[in-house]
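Engineer: Before anything else, here's the structure in question.
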Amino acid sequence: MSVSVSVPTILRPMTKGEKSVSADGATLSEVIADLENNYAGLGGRLVKDGALHRFVNIYVNDEDVRFTGGLDTQLKDGDQVTILPAVAGGRF
Amino acid sequence: MTRYSSLVDAVGGTPLVGLPRLSPSADVRLWAKLEDRNPTGSIKDRPALAMVAAAEADGRLRPGCTVIEPTSGNTGISLAMVCRVKGYRLICVMPENTSQERKLLLRAYGAQIISSPAAGGSNAAVAMAKELAADHPDWVMLYQYGNPDNALAHYTGTGPELLVDLPELTHFVGGLGTTGTLMGVGRYLREQLPDVQIVAAEPRYGELVYGLRNLDEGFVPELYDESVLTSRFSVGPDDAVRRTRELLEVEGIFAGISTGAILHAALGIAARVARDGGSADIAFVVCDGGWKYLSTGVYEAGDDAQASVGLEGQLWA
């Protein structure tokens with residue numbers, strides 16, 4: 001299973017400046033493990049104590065993974081994974 | 001009711017209209033709650049009035065007080081109206097990259113604006129307002145991100161109005177900013193309709209807005225409770241703009257860009273239900289009208305791609 005992962009500016013120093021990288025895995029945890037293999041330290045920025053970092057949001061095809069099984073979210077070939085820091089957004 | 005004793009009494013009671021042309025089938029129906037019909041033209045009149053009224057009731061707000069709030073626009077405009085009517089001075093802390101119309105409107109209502117750096121996004125506005133409030137203990141920060149009266153305005157207002165107008169409601173789709181709308185409406189509807197689906201549409205901005213120095217500077221509103229939601233979608237500016245234009249073209253509703261993001265999520269849900277052969281009544285919020293976004297050129301652009309250019313680097317929702 002190959003997916004495309006979009007990396008936010010703040011984490012790009014870890015991906016040699018790449019905005020988008022590809023990764024393999026049938027679940028989100030497998031993809032994060034694969035990212036960690038290729039870009040040492042990246043996995044630790046996304047996952048803390050076995051759970052998604054409080055200020056990191058990850059989306060698969062624009063849907064927040066916290067509502068689709070979290071780290072166990074199933075992935076299909078060609079899925080788009082987006083990593084974003086949590087910010088105070090919205091029409092406030 | 002069409003007669004009110006003052007403008008603030010005219011907040012809420014907004015119409016719910018069907019969208020027969022955008023609904024995918026006769027069994028899967030979309031409904032828009034027109035929050036632009038509130039006195040200052042946005043859904044934020046509800047929490048602004050509720051937060052001020054509660055602060056008056058518990059004695060934090062007294063005649064002559066100064067109110068300070070981090071806001072990129074709509075809440076500020078609503079607070080400015082309420083403060084003008086009730087005689088308070090208002091200071092808004094907002095990122096410098098918000099639309100010109102919002103600043104002009106705030107000044108028109110007599111509010112004072114303090115700009116926070118664009119690079120810090122809304123996080124910087126929140127941090128700056130907190131510092132200013134700490135330096136001026138006599139100022140009152142209502143703090144919409146953590147003020148339970150924000151969500152309560154929707155729990156006692158928006159939610160019950162929706163259920164009265166649409167008892168068969170199956171899905172509610174709202175925008176995720178302070179999270180007040182979704183928390184308040186979501187909690188109320190879940191109590192009344194155990195199978196209801198509460199769906200969040202979260203705006204995804206350009207990279208500038210996410211330019212934090214480190215991840216621990218990230219921010220989740222204190223009001224946010226994940227368990228109220230069924231699902232949460234991230235909607236980028238291209239989809240938001242396309243849907244905003246579609247809503248105007250197909251149904252004649254002139255809405256702001258954040259409504260386009262919400263409609264995008266609502267149409268995604270509607271398409272899923274229709275594909276599975278189900279039926280649904282999906283209500284969503286029209287947060288404000290398009291007036292404050294005219295200068296972005298989004299409505300008059302020849303095509304969707306051109307329209308998106310006008311939003312580059314802006315906090316569009």
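Engineer: For B:Y205, only one of the following conditions fails: (1) touching a residue at least 60 places away in the same chain (Cβ under 8 Å); (2) within 14 Å of chain A (Cβ to nearest Cβ); (3) outside any helix (DSSP H, G or I); (4) surrounded by fewer than 19 Cβ atoms within 10 Å (Cβ to Cβ). What is its number?
Structural biologist: (4)
Engineer: I want to confirm something. Restricting to the stretch B:230-275 and keeping residues that are assigned to a loop (DSSP other than H, G, I, E, B) and within 14 Å of another protein chain (Cβ to nearest Cβ), which single residue is modelled with the lowest pLDDT?
Structural biologist: Top of the filtered list is B:G236.
Engineer: Still on this structure, please answer the following. Can you tell me which residue among B:Y210, B:Y188 is more than 8 Å from chain A (Cβ to nearest Cβ) and touching a Pro at 6+ places or on another chain (Cβ under 7 Å)?
Structural biologist: Details: B:Y210 fails: more than 8 Å from chain A (Cβ to nearest Cβ).
None of the other options fit; the residue is B:Y188.
Engineer: OK, next. In the stretch B:1-12, is there at least one residue being touching a Cys at 6+ places or on another chain (Cβ under 7 Å) and either outside any loop (DSSP other than H, G, I, E, B) or surrounded by 20 or more Cβ atoms within 10 Å (Cβ to Cβ) (or both)? Give the derivation first.
Structural biologist: Taking the stretch B:1-12 and keeping what is touching a Cys at 6+ places or on another chain (Cβ under 7 Å), we get none.
No.
Engineer: Could you pull out every one of the strands (runs of 3 or more DSSP E) wholly within chain A that has 3 or more residues that are among the β-branched types (V, I, T), more than 14 Å from every other protein chain (Cβ to nearest Cβ) and within 30 Å of B:D288 (Cα to Cα)? Don't jump to the end; show me each part of the working.
Structural biologist: Values: elements: A:2-6, A:20-24, A:56-60, A:80-85.
Fully inside chain A and qualifying: nothing.
Engineer: Of the residues B:A125, B:A108, which is closer than 18 Å to B:A80 by Cα, without any contact (Cβ under 8 Å) to a residue 60 or more places away in the chain and within 14 Å of chain A (Cβ to nearest Cβ)? Explain how you work it out, then say what you get.
Structural biologist: Values: B:A108 fails: within 14 Å of chain A (Cβ to nearest Cβ).
The match here is B:A125.
Engineer: If you go through the stretch B:168-181 one residue at a time, do you hit one that is part of a helix (DSSP H, G or I), at pLDDT 95 or above and farther than 20 Å from A:P85 by Cβ?
Structural biologist: First, the residues of the stretch B:168-181 that are part of a helix (DSSP H, G or I): B:180-181.
From what's left, at pLDDT 95 or above: B:180-181.
Retained after the next criterion (residues that are farther than 20 Å from A:P85 by Cβ): B:180-181.
Taking every residue of the stretch B:168-181 in turn, at least one turns out to be part of a helix (DSSP H, G or I), at pLDDT 95 or above and farther than 20 Å from A:P85 by Cβ.
Engineer: If you don't mind, another one. Need the failing condition index for B:A119 against (1) away from every other protein chain (no Cβ under 13 Å); (2) surrounded by fewer than 16 Cβ atoms within 10 Å (Cβ to Cβ); (3) not basic (K, R), just the number.
Structural biologist: With (1) away from every other protein chain (no Cβ under 13 Å); (2) surrounded by fewer than 16 Cβ atoms within 10 Å (Cβ to Cβ); (3) not basic (K, R) applied to B:A119, the lone miss is (1).
Engineer: Criterion first (touching a residue at least 24 places away in the same chain (Cβ under 8 Å), buried (at least 19 other Cβ atoms within 10 Å of the Cβ), within 12 Å of chain A (Cβ to nearest Cβ) and under 20 Å from B:K292 (Cβ atoms)) does B:T181 satisfy it? Spell out the reasoning first.
Structural biologist: Numbers: touching a residue at least 24 places away in the same chain (Cβ under 8 Å): yes; buried (at least 19 other Cβ atoms within 10 Å of the Cβ): yes; within 12 Å of chain A (Cβ to nearest Cβ): yes; under 20 Å from B:K292 (Cβ atoms): yes.
Taking the combined requirement at face value, the residue satisfies it.
Engineer: Taking the stretch B:96-105 only, how many residues are in a loop (DSSP other than H, G, I, E, B) and without any contact (Cβ under 8 Å) to a residue 24 or more places away in the chain? First the steps, then the outcome.
Structural biologist: Of the stretch B:96-105, the ones in a loop (DSSP other than H, G, I, E, B) are B:96-99.
Add one more test, that the residue is without any contact (Cβ under 8 Å) to a residue 24 or more places away in the chain, and what stays is B:96.
Of the residues in that region, 1 qualify.
Engineer: So if I check each of B:A26, B:A54, which one is more than 15 Å from B:R89 (Cα to Cα) and touching a residue at least 60 places away in the same chain (Cβ under 8 Å)?
Structural biologist: Being more than 15 Å from B:R89 (Cα to Cα) and touching a residue at least 60 places away in the same chain (Cβ under 8 Å) holds for just one of B:A26, B:A54, which is B:A54.
Engineer: Additional query: Quick test of your reading of the structure: B:V220 fulfils all but one of (1) surrounded by fewer than 24 Cβ atoms within 10 Å (Cβ to Cβ); (2) at pLDDT 95 or above; (3) within 11 Å of another protein chain (Cβ to nearest Cβ). Name the failing condition by number.
Structural biologist: Condition (2) is where B:V220 drops out.
Engineer: If you don't mind, there's one more thing I want to ask. In the stretch B:217-237, what residues are under 16 Å from the mean Cα position of the chain (by Cα) and either of a type in the set (S, T, N, Q) or outside the structural domain of B:A265 (by TED's automatic domain parsing) (or both)?
Structural biologist: Result: B:S234, single match.
The values are calculated or read from the model by the stated rules, or taken from the named source; none is laboratory data. Note that the structure is predicted; figures quoted are calculated from it, not measured. All Cβ positions, even for glycine, are placed from backbone atoms using ideal geometry, and neighbour counts span all protein chains on display.
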